[in-house]
Amino acid sequence: MVLDDLKLYNPRLYWDMVARGSVPYSQAGALQWGNPVQNLFAESILGGPEAPDYTSIPLPDDYDAPTQFAESGNYPKPWRSYAQYAQNANYTYVGPYACFVGFVDCDGGGCVPDTCTDANKKSGIKPVRLWGRWGVAISGPNSAEGAFFPQDWYTPSEGTYNADYFNNYYSEQGNPLDPEWQLRKDWWESINKLTIETYFGNTGLKCKIEVAQSFFEFGTPEYFAGIDLAVYNDYSLDLLVAMVAIAAIARWL
């Protein structure tokens with residue numbers, strides 16, 4: 001089997017193989033991510049690491065292109081090493097972090113999820129994900145329109161100097177991070193995401209993706225602020241109510 005032919009004539013199967021690890025992202029021509037922090041002195045000289053970005057993107061319409069790109073764009077970002085920051089600064093046509101949900105049939109058949117099936121959801125099996133970014137196609141039949149570009153920013157190890165390390169480091173220096181940085185996997189789970197329709201790269205194929213849109217903040221319906229204990233008499237708070245509340249909070253941590 002020639003993978004280049006498979007990529008051209010059966011992209012559904014090809015990218016499913018990438019998501020499952022049968023074909024490396026690098027071999028598939030995906031966007032590169034960059035190395036983790038490897039030396040603290042060199043990292044500090046270069047001005048890294050890069051803190052998370054807590055800005056939000058506007059609610060998009062299907063097939064619209066994002067309006068902010070590369071590292072200078074205003075959209076939610078996890079923490080990055082300087083090498084990852086520099087690598088992503090080169091990609092001037094992609095912005096928000098995203099996850100592929102599935103291709104969409106052009107004949108009106110709806111979403112055909114190759115890597116995140118409904119059957120897997122019902123059986124409790126964690127779906128296989130194809131990670132990437134939302135940007136704008138720079139060639140092909142959907143040129144200048146919104147598009148998803150694969151990039152494995154989620155899976156790579158953060159190394160020894162990960163988010164937990166820097167949280168502890170700055171805390172010991174008397175300058176604790178607020179909010180604390182999150183491991184990228186935790187960052188993705190905790191962020192508000194939108195499911196939109198877009199195109200897959202420069203292929204003209206329609207697909208659905210999840211896009212990191214904003215962080216949960218005080219005042220948003222999704223944010224659980226906690227129970228006001230002042231309204232309860234001493235010893236009157238039901239333990240079950242408190243445990244349910246803790247579970248609700250933990251869902252977003």
>> Can you find a residue that is assigned by TED's automatic domain parsing to the domain that holds LEU183 and surrounded by fewer than 12 Cβ atoms within 10 Å (Cβ to Cβ) anywhere in the range 7-21?
In response: no
>> Looking only at the range 111-129, filter to residues that are surrounded by 20 or more Cβ atoms within 10 Å (Cβ to Cβ) and either within 24 Å of ASN90 (Cα to Cα) or touching a helix residue (DSSP H, G or I) at 6+ places or on another chain (Cβ under 7 Å) (or both); which one of those is modelled with the lowest pLDDT?
In response: ASP114
> What about ASP53, is it among the charged types (D, E, K, R), at pLDDT 95 or above, over 22 Å from ALA144 (Cα atoms) and surrounded by 15 or more Cβ atoms within 10 Å (Cβ to Cβ)?
Replying inline: yes
>> Against the conditions (1) at pLDDT below 95; (2) assigned to a loop (DSSP other than H, G, I, E, B); (3) under 20 Å from THR195 (Cβ atoms), where does GLY21 fall short? Just the number, please.
In response: (3)
>> Can you tell me how many residues within the range 25-46 are closer than 17 Å to TRP79 by Cβ, touching a residue at least 40 places away in the same chain (Cβ under 8 Å) and not aliphatic (A, V, I, L, M)?
In response: 6
>> Regarding the range 158-176, can at least one residue be identified that is more than 24 Å from VAL94 (Cβ to Cβ) and touching a helix residue (DSSP H, G or I) at 6+ places or on another chain (Cβ under 7 Å)?
In response: yes
> Which residue, of GLY108, GLY132, GLY102, is among the small types (Gly, Ala, Ser) and modelled with pLDDT of 95 or more?
Replying inline: GLY132
>> Contact list please: Cβ distance under 6 Å, first residue in the range 154-165 and in the same structural domain as GLY48 (by TED's automatic domain parsing), second residue among the β-branched types (Val, Ile, Thr) and surrounded by 12 or more Cβ atoms within 10 Å (Cβ to Cβ), pairs at least six apart or on different chains.
In response: TYR161/VAL37
>> Quick check on the range 157-174: of everything there that is surrounded by 12 or more Cβ atoms within 10 Å (Cβ to Cβ) and among the charged types (D, E, K, R), which residue is farthest from ASN39 (Cα to Cα)?
In response: ASP164
> Looking at ASN202, ASN167, ASN175, ASN142, which is the one that is part of a helix (DSSP H, G or I) and of a type outside the set (Lys, Arg)?
Replying inline: ASN167
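A quick yes/no check of all residues on (1) assigned to a loop (DSSP other than H, G, I, E, B); (2) over 24 Å from ALA137 (Cβ atoms):
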{"residue": "LEU13", "(1), (2)": "no, no"}
{"residue": "ALA28", "(1), (2)": "yes, no"}
{"residue": "ALA42", "(1), (2)": "no, yes"}
{"residue": "ILE45", "(1), (2)": "no, yes"}
{"residue": "PRO60", "(1), (2)": "yes, no"}
{"residue": "GLN68", "(1), (2)": "yes, no"}
{"residue": "GLU71", "(1), (2)": "yes, no"}
{"residue": "ASN88", "(1), (2)": "no, no"}
> With respect to LYS77, is the statement that it is more than 17 Å from GLY135 (Cβ to Cβ) and either of a type in the set (Ser, Thr, Tyr) or buried (at least 17 other Cβ atoms within 10 Å of the Cβ) (or both) true?
Replying inline: no
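The values are calculated or read from the model by the stated rules, or taken from the named source; none is laboratory data. Quick caveat: nothing in here was measured; it's all calculated off a predicted structure. Virtual Cβ from ideal backbone geometry, glycine too; neighbours counted across all protein chains shown.
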